Each structure stands twice: as structure tokens, then as C-alpha cells.
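A quick write-up on the structure given underneath.
Any read-out appearing in this document is the output of simple, stated calculations on the displayed coordinates, not a laboratory observation. It should be emphasised that the depicted structure is a prediction, and the values quoted were computed from it without experimental measurement. With ideal geometry, Cβ positions are generated from the backbone for all residues, glycine too; neighbour counts draw on all protein chains shown.
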Amino acid sequence: MLRAESRQGDIYLDMDHLLLVLLLLWSSGVQAEVKQRSTEPDDVRLVGGANRCAGALEVKLEEWRPVCAFHDSWTLKEAGVFCEHLGCGSAVSIEKANILQTVAWSITPDCVLSTSPLKNCATRKHYSYQILKLTCSDLLVQTNIHASSMDRVFSAQQQGLQVSRGSSFTISCSIQPQYPGGSFQLTFTSSNTTYSCTQPAVSHSALFLFPAAEPAHQGNYSCVYHVYVFSHNFFSESHQLSVTVSEPDDVRMVGGANPCAGILELKHLGEWRPMYEFGWTLKDAAPICEHLDCGSAVSLQETKSSLRFGWSIKPDCVKSRSTLRECTTSGYYNPIMNLTCSGKYIFVVIQFRSIQFYLHRAKSQKELCFIL
């Protein structure tokens with residue numbers, strides 16, 4: 001039993017309490033040492049590279065000096081300590097660069113792997129003709145991804161894009177300019193499939209066009225930028241962006257060459273049924289094409305079929321700007337309405353040439369994204 005005197009009286013400590021106090025003091029010292037190492041400001045840097053995560057290694061101990069490559073035992077493991085300290089990931093390459101004679105710090109690799117502060121490992125100065133150059137894994141900034149439809153633009157930080165079936169949408173990948181060249185890979189994942197499209201980076205960006213949204217396009221997209229620099233492959237991935245494909249107000253055209261032509265169907269009371277034509281004109285059908293974002297009506301035909309249960313819509317009701325659902329009556333009718341709208345045209349200028357894309361349904365996974 002230990003006794004200590006104070007103005008308030010005697011304080012007694014048994015051996016268990018004493019050991020506990022010593023343990024707390026020791027652990028606080030270790031934490032302070034770790035904290036000191038992890039928060040040392042501006043004591044290590046990489047200079048002369050394309051960014052802060054590549055270049056000649058320098059340590060500040062009263063003054064900034066490079067680190068000489070005197071020791072042959074430097075490996076990616078020791079170099080990784082500096083990369084981690086700089087918030088640059090892990091080391092991917094270490095190089096001994098020849099220079100004119102200069103004064104440099106001598107650092108032993110064993111000290112770097114210890115818990116000592118990095119600047120405390122720079123103990124001696126040497127005249128050296130070789131210095132260390134490092135390249136860390138987090139060489140690239142994060143890639144950006146945006147999705148846009150006819151009237152909406154979304155980034156990965158916002159709520160995902162919702163696009164109507166048959167409408168066009170575009171996904172753009174971009175990255176802050178750091179290195180020339182490279183390529184962008186657009187990766188798509190859903191509950192039952194995964195695929196990707198790749199194209200070269202032009203002005204550090206790439207566009208992927210989807211001329212006609214289909215249920216197969218619904219899922220998560222991400223952009224991955226790939227570039228080969230410093231004799232290594234590097235990549236940077238964006239956040240994920242979700243795309244949801246919905247039916248446009250429960251109205252669609254089926255059986256035509258594209259989503260803006262075919263037999264007009266309406267989903268009402270949970271059922272898709274054809275619409276029947278009774279005295280309709282192109283002027284009457286124009287609001288339906290506009291409703292589907294398919295331009296104007298260009299042709300309207302009667303398609304003979306067997307007597308089927310479907311919907312009949314009066315043209316006067318549509319002209320009154322009532323919803324299509326409010327204008328429907330059910331029954332057995334013939335003929336079926338076959339409507340063709342002008343559709344949408346997307347013009348893209350590539351090397352001073354205008355290329356026109358018509359909306360069409362994807363026939364295979366290879367057609368799921370168009371590269372601009």
C-alpha cells in the first residue's frame with residue numbers, strides 16, 4: 001500500500017490502482033506519438049511531378065531537402081509510408097534519379113517503418129548524386145459522371161435520373177485535366193446483368209448516347225478513367241448514378257419501327273389495351289404524339305384485326321386537354337389505331353460532319369449505348 005499526503009488528507013493507492021494509472025499514462029503517450037506522426041504539417045512532400053502524389057521525395061527539417069537514394073533496401077513498403085502520410089494511397093513505383101551533386105537527407109528504411117515521426121528519421125546530410133522519386137496510387141482526381149435527358153441533368157451526388165421509355169438520354173464522363181490521352185469506361189450493373197462500353201477520352205471527357213430508353217437500361221452506371229503514365233496503368237472511378245426507365249404516362253406505341261410509331265396502347269385500370277380509331281384525323285392525333293414527346297403526327301391508319309377488347313377515345317375529349325385516361329371508354333372494337341409520329345432527331349457534330357440518329361430499340365447489348 002502506498003500513501004501520499006495532501007492538504008485534504010491522505011490518499012491511499014494499492015498496487016492495482018497504481019498499475020492502472022501507469023497503464024493510462026503509457027497509453028496516452030503512445031496515442032500522442034501516433035497523433036504527432038499522423039498530423040505533422042508540411043514535413044514531407046513530393047515535388048516535380050504532375051501532381052502532389054508523384055515526384056522527388058523531400059523532407060523538411062529546418063529546410064526542405066531531397067532524400068538521397070544511398071540505401072539499397074528501399075522497397076514499395078517503405079515508400080508506401082510516405083504515400084499514406086501524404087494521403088496519396090500506396091506506392092506503385094520507386095525510382096533512384098540521377099542528379100547533379102546536392103545536399104540530401106539520409107533516411108534509413110527501418111526508421112520509416114517504425115513509429116517515429118518521419119522527419120525524425122532524417123538524421124544526417126550527405127552529398128548525393130541520386131535522390132528518391134515516388135509515384136503513389138492516388139495519382140488521379142475522382143472521375144465525374146452526369147446524366148441528362150431532354151430536360152434534366154443529374155450528377156452522381158443528386159437523385160438518379162428518371163427517363164421515360166423511348167426517350168433519349170446521355171451519360172457524360174469527365175475528369176480534371178492532368179494527363180493527356182486515356183479512355184473512359186462506362187460500366188452498367190443491374191440485378192441480372194453487367195456490361196461496359198469504352199471510348200477514348202477527348203478533351204478529358206466522353207459522351208455515351210442512349211437513343212431510346214428501354215427497361216434494359218435501368219440500373220446503376222459509373223465512369224472509370226484509365227490512363228498509362230509513369231510506366232504504370234492508373235484508373236479513377238466515379239460515384240454510381242442510377243437510371244430508372246418508366247412508361248410515359250401509361251401510353252405507348254408497339255409493333256412499329258421505333259417507339260414513335262405503331263399501334264397505340266393505353267394502360268388503364270392496370271391493363272394494356274389497344275386504342276380504336278373512329279373518325280380520327282392527324283390534327284386529332286397530334287396531342288398524342290406531343291404527349292409521348294414524339295413530335296407531330298405524320299400518318300394515321302386503320303389496322304384491321306379480330307374483334308378485341310380495348311379502349312375507345314373521342315377526339316373532342318383529347319382536344320379539351322383532359323387526360324387520356326379521362327377520355328376512355330371500354331368495349332369490343334375494330335379497327336385498331338396505327339399512328340406514326342415524326343419522332344426525335346439527335347444531331348451530333350463529329351469532325352465537321354453531321355450524323356443523324358433515329359430512335360430505335362436496342363437489339364442486343366452492343367446497341368445499349370452509342371459512343372459520341
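How many nm separate the modelled label positions at Thr244 and Phe230, each set 7 Å beyond the Cα in the direction of the Cβ?
Taking the simple label geometry, Thr244 and Phe230 are separated by 4.2 nm.
Report the local net charge at Cys68: Lys and Arg +1, Asp and Glu -1, summed over other residues whose C-beta lies under 11 Å from its C-beta.
It works out to a net charge of +4.
Could you tell me the calculated FRET efficiency between Tyr127 and Ser90, based on Cβ-Cβ distance and R0 = 22 angstrom, to the nearest 0.05?
0.10
For Val202 and Asp72, compute 0.36 nm times the residue count separating them, minus their Cα-Cα distance, and round to one decimal in nm.
Roughly 42.6 nm would be gained on extension.
Go ahead and run the numbers for FRET between Glu271 and Ser342, Cβ-Cβ distance against an R0 of 25 Å, rounding to 0.05.
Computed FRET efficiency for Glu271 and Ser342: 0.30.
Treating the Cα atoms of segment 44-136 as identical point scatterers in vacuum, please give the log10 of the normalised Debye intensity I(q)/I(0) at q = 0.11 Å⁻¹, two decimals.
Debye output, listed in q order: -0.25.
Considering the zone a paramagnetic label at Asn51 would reach in this model (a point 7 Å from Cα along the Cα-to-Cβ line), which residues of segment 221-246 have amide N under 15 Å from it?
Backbone N within reach: 224-230, 233-239.
Work out the FRET efficiency for Val141 and Ala257 from their Cβ-Cβ distance, taking R0 = 41 Å, and round it to the nearest 0.05.
E between Val141 and Ala257, to the nearest 0.05, is 0.40.
Want the number for Thr281 to Asn192: 0.36 nm per residue separation, take away the alpha-carbon distance, what's left? Intermediate results must be reported in sequence, preceding the final value.
On the way: separation 89, 0.36 × 89 = 32.04 nm, distance 4.38 nm.
Between Thr281 and Asn192, full extension yields an extra 27.7 nm.
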